[in-house]
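A.B. asks: Handing you this structure, nothing more for now.
Read the figures in this text as sums done on the coordinates, not as results from a lab. None of these values were measured; they are calculated from a predicted model. Cβ coordinates were reconstructed from backbone atoms using ideal geometry, including for glycine residues, and neighbour counts include every protein chain displayed.
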């Protein structure tokens, strides 16, 4: 079922968005309307998205999807049964979540088993994988100091995962968490992951465990890049006297 979504004013000047072609931006916005749930899962069906969002436009939908994924705004995830979905990263941070909307999202039903997939995406004649996309692993230029491409690292050592696991505040789904960690560590550093965990701890301090995402979900969604939430400033003690 399609949903009404909102667009923040700073979307139009976002550093990653301005790099996208106009049709890629339109497709990205349209995907928000056709998520399977309020967590940002989208059916991994390019032709269906074409018919839903750009039905009369002569565009290469696969190339547009690859363009969006190469900017790191959408990733492809896979559940324990081998089914794939698209995931709009940080969707919940930018959309109003309506708790009355109940869905039977198949991705949410297997959230503990979701992992980033390495399935290549096509961009014209160029084929790239999520690990090799410029904004995910190679940095802005995609080159090291010696001018060579920085290839993805090997899966993380168990000690790195153990360090992460010891710090993460909710210890459930360890096997799925390890799979997600091995994928995530190719996209960032252990220090960045631990920094994200510390932010998560501060943001969820005093909350019940059920409000803290499972480790696999947190890693798959790239939540280590989350920005601190901004709380409204307390009203000034002078305000009441001023208006008397």
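A.B. asks: Take residue 202 and residue 174, extend 7 Å from each Cα along the Cα→Cβ direction, and tell me the distance between the two endpoints in nm.
C.D. replies: My value for the distance between the label points is 3.0 nm.
A.B. asks: What relative contact order, as a whole-number percentage, does the stretch 153-229 give when Cα pairs under 8 Å and 6 or more residues apart are counted?
C.D. replies: 42 percent.
A.B. asks: Provide the FRET efficiency to the nearest 0.05 for the residue 83-residue 5 pair, computing r from the beta carbons and using R0 = 25 Å. Don't jump to the answer; show the numbers that get you there.
C.D. replies: Details: r = 24 Å, r/R0 = 0.98.
Calculated transfer efficiency: 0.55.
A.B. asks: Between the stretch 1-17 and the stretch 216-230, how far is it from one alpha carbon centroid to the other, in angstrom?
C.D. replies: Between the Cα centres of the stretch 1-17 and the stretch 216-230 lies a distance of 18 Å.
A.B. asks: If I model a spin label at residue 12 and residue 162 as a point 7 Å from the Cα along the Cα→Cβ vector, what separation in nanometres do I get?
C.D. replies: Result: 5.4 nm between the two label points.
A.B. asks: Give me the one-decimal nm value for the distance between modelled label points at residue 26 and residue 59, 7 Å along each residue's Cα-to-Cβ direction.
C.D. replies: Output for this residue pair reads 0.6 nm.
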